[in-house]
Every structure is written in structure tokens, then in C-alpha cells.
Amino acid sequence: MGQGNKTRPKLKTTAQKRREKDAAAASKKPAVKKPAVKKPAVKKPAVKKPAVKKPAVKKPAVKKPAVKKPAVKKPAVKKPPTTAKERLDAKQKALDDARKPKVKKPAVKKPEVKKPEVKKPPVKKPSTKGKGPVKDAGTYEKTVKESAAKRKAAEKEAAAKKTAADKAAWLKKTRNSPAAKSGAFTDDQRWAQQQKHRKFKESRGSSKEARMKRRDERLKKKTSSALKINKR
């Protein structure tokens with residue numbers, strides 16, 4: 001059907017709106033206020049703690065010893081003469097003092113202190129009688145060989161102690177290295193490799209002096225070759 005058949009809502013007048021508002025206000029009940037109930041205050045009895053008196057501890061009086069300062073005498077400062085008479089008197093006194101004979105003080109001799117003589121024990125010189133290259137060649141050669149063998153054994157023992165100490169120090173220093181942590185090498189194998197490396201460095205001449213020598217040799221070769229070319 002067409003749009004003209006639809007019914008439109010009727011608009012309310014202002015009087016109707018006012019009446020509805022008054023009816024809504026009348027229908028609302030007034031709010032009832034409840035009287036505030038005050039709770040009686042309950043006072044707690046005050047509990048007094050007994051006062052504990054601490055015993056007074058008397059510290060012993062420490063008397064400081066009186067320190068006497070040494071009296072310092074100030075040197076007397078002579079005022080310079082101001083008047084003409086004072087100047088003349090000072091000049092005359094200086095002349096009189098210069099004319100007086102000088103008194104020599106007696107020389108005080110210090111007592112001589114004698115140091116006690118220290119006797120050194122006599123040193124016996126080693127005698128080579130009966131064991132020399134001329135008289136007893138056999139025994140002399142034997143003693144020389146024995147002493148040389150003892151010296152070599154002592155040197156060998158000292159070198160072994162030194163290497164053992166170096167080994168212990170190096171193993172302690174490199175205990176956290178990758179080779180040590182991997183477990184593929186034992187301590188003896190790692191120390192053997194380290195000894196080889198040290199020998200290689202020594203043979204290569206890694207010290208500063210060896211490097212300087214090699215540099216000097218290279219410079220000499222260069223200079224000699226340059227001189228040969230110039231002569232040609």
C-alpha cells in the first residue's frame with residue numbers, strides 16, 4: 001500500500017509533560033535516613049612496665065702524666081745604636097775587643113780506642129804430595145775422572161730438578177687450555193710437545209739478539225751487492 005496510510009505518533013503538549021513529571025515525583029518515596037548509632041568507646045587499661053634500673057658503671061679516672069715542655073730561651077736581640085754617643089761607644093768597644101790578645105783554647109786529645117785483633121784461622125793449602133801427574137799418574141788420573149763424574153752427576157740432577165719444576169708450573173698454568181680440557185692428550189704428551197716447541201724456538205733464534213744479528217747480516221749483504229754493482 002502507499003505511504004499515506006501510516007499513522008504518525010501524536011506529539012505531547014507541554015501541559016501533559018508537566019503533569020507526567022509531577023506524577024513521577026509524587027510516586028517516588030522520600031529517602032529515610034537511619035539514625036547514626038555511636039558505639040561506646042572501650043578504654044583499654046594502661047599497662048605500666050616496671051622500670052628497670054641499669055647499674056651505674058663508674059669508669060676509672062685515667063690521669064694523664066703532665067708533660068713539661070722544655071723552656072726555650074730566646075736569643076737576646078741587640079738593638080742597633082740610635083744616638084751619636086751610642087754609636088761612638090760601640091765603635092770604641094769594637095776597637096778594644098780587637099786589641100785584646102786572643103786566648104787559645106787547649107787542645108783536647110781524644111783517647112785512642114784500640115780495636116781487638118781478630119785472629120783468622122789458618123787455612124791449610126791442599127797438598128798434592130804423592131798424587132800428582134809426575135809421581136803417581138795412575139791414582140791422579142783416577143781421582144780426576146771420579147771428580148768429573150761426580151760433577152756431571154750433580155749437574156744432571158740439578159737439570160732434572162729444574163725441568164720437573166718447569167713442568168709442574170707449565171701444567172698448572174695451562175690446566176684450562178683446550179688441549180687439556182679435551183682429554184685427548186696426557187700431561188706427559190703435552191709437556192713433550194711444549195719441549196719440542198721450545199727447542200724449535202731456540203734453533204730458530206727467536207731472541208732479540210739473534211734477530212739483530214740476522215738483520216745486520218742482511219744489511220751487509222745488501223751493501224756489498226750495491227758496491228759490486230757500482231764498481232761494474
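The values are calculated or read from the model by the stated rules, or taken from the named source; none is laboratory data. None of the values given here were measured: they were computed from a predicted structure. Here the Cβ is made from the backbone with ideal geometry for all residues, glycine too, and neighbour counts use every protein chain on show.
Name the pairs whose Cβ atoms lie under 9 Å apart, with the first residue in the range 3-21 and on the phi < 0 side of the Ramachandran plot, the second modelled with pLDDT under 85 and not acidic (Asp, Glu), and 6 or more positions between them or separate chains?
As it stands, the answer is Glu20/Lys12, since those pairs meet every condition given.
Just one of the numbered conditions (1) surrounded by 10 or more Cβ atoms within 10 Å (Cβ to Cβ); (2) at pLDDT below 80; (3) not in a loop (DSSP other than H, G, I, E, B) is not true of Gly138; which one?
(1)
From the list Lys79, Lys85, which residue is in a loop (DSSP other than H, G, I, E, B) and surrounded by fewer than 10 Cβ atoms within 10 Å (Cβ to Cβ)? Walk me through it before giving the result.
Details: Lys85 fails: in a loop (DSSP other than H, G, I, E, B).
Being in a loop (DSSP other than H, G, I, E, B) and surrounded by fewer than 10 Cβ atoms within 10 Å (Cβ to Cβ) holds for just one of Lys79, Lys85, which is Lys79.
Among the residues of the range 176-232, count how many are under 38 Å from the mean Cα position of the chain (by Cα), more than 24 Å from Ala165 (Cβ to Cβ) and not in a helix (DSSP H, G or I).
2
So which residues in the range 177-232 are modelled with pLDDT under 85 and among the β-branched types (Val, Ile, Thr)?
Ile229 - this is the single residue of the range 177-232 that is modelled with pLDDT under 85 and among the β-branched types (Val, Ile, Thr).
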